[in-house]
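Here, each number is a calculation from the coordinates, and none is a lab measurement. These numbers were taken from a predicted model, which means no experiment stands behind them. When we count neighbours, we look across all protein chains shown, and the Cβ atoms used for this are built from the backbone with ideal geometry, even at glycine.
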Ligand SMILES: [Zn+2]
C-alpha cells in the first residue's frame, strides 16, 4: 500500500498516511465544507494509518453543532488538512470510528488532483 506525504500550505503541519491508491475524492455540501471548497478523501483513515510529523500545537481545532467532528486547521496558514471523528451519535451505523481522519486531498504531495474521480457527499443531510 502506498504511503502519501501531506502538509498544510506553510509546512507547519506535516503528516503521512498509508492508503490504497488515491483515485477518488469527495466534495461535501455541508455548511463548513462548502466554504472550504476542499476535495476530501473518499474514505476515513484509522488513527494508526496516519502519522503526524509535527506537534499538535501547530493546529487549532474548530467544532460546531454536535461537536462530533474536529475540524483541524493550521494556526499559521489556515489550511485545513484533515478532520477527525471525536464523537458518534448513538444511532450511527456508518463507516467512521472514533479518532478517524478524513484528509483534504489538496494537501497530498504529488497527487494529480485533476485526475481524481470526485463525487458529492451529502453532508448537509447528516
Ligand atoms: Zn500551515
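Below is a table of values for the structure above.
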{"quantity": "Exposure proxy ranking, count of Cβ atoms within 10 Å, fewest first, for 118, 69", "calculated": "118, 69"}
{"quantity": "Distance (nanometres) between label positions extended 7 Å along Cα→Cβ at residue 114 and residue 47", "calculated": "4.0"}
{"quantity": "FRET efficiency for residue 62 and residue 18, using Cβ-Cβ distance with R0 set to 25 Å, rounded to 0.05", "calculated": "0.40"}
{"quantity": "Which of 45, 4 has the fewest Cβ neighbours within 10 Å, and the rest in rising order", "calculated": "45, 4"}
{"quantity": "For the chain: relative contact order, % (alpha-carbon pairs under 8 angstrom, 6 or more apart)", "calculated": "32"}
{"quantity": "Cα-based Rg and Dmax for segment 30-91, where Dmax is the largest Cα-Cα distance (Å)", "calculated": "12.3, 37"}
{"quantity": "Residue order, fewest to most surrounding Cβ atoms within 10 angstrom, among 107, 10", "calculated": "10, 107"}
{"quantity": "Cα pair distances in the chain, grouped into 5 Å bins until the bin that holds the longest one, percent each", "calculated": "2, 11, 21, 26, 22, 13, 4, 0"}
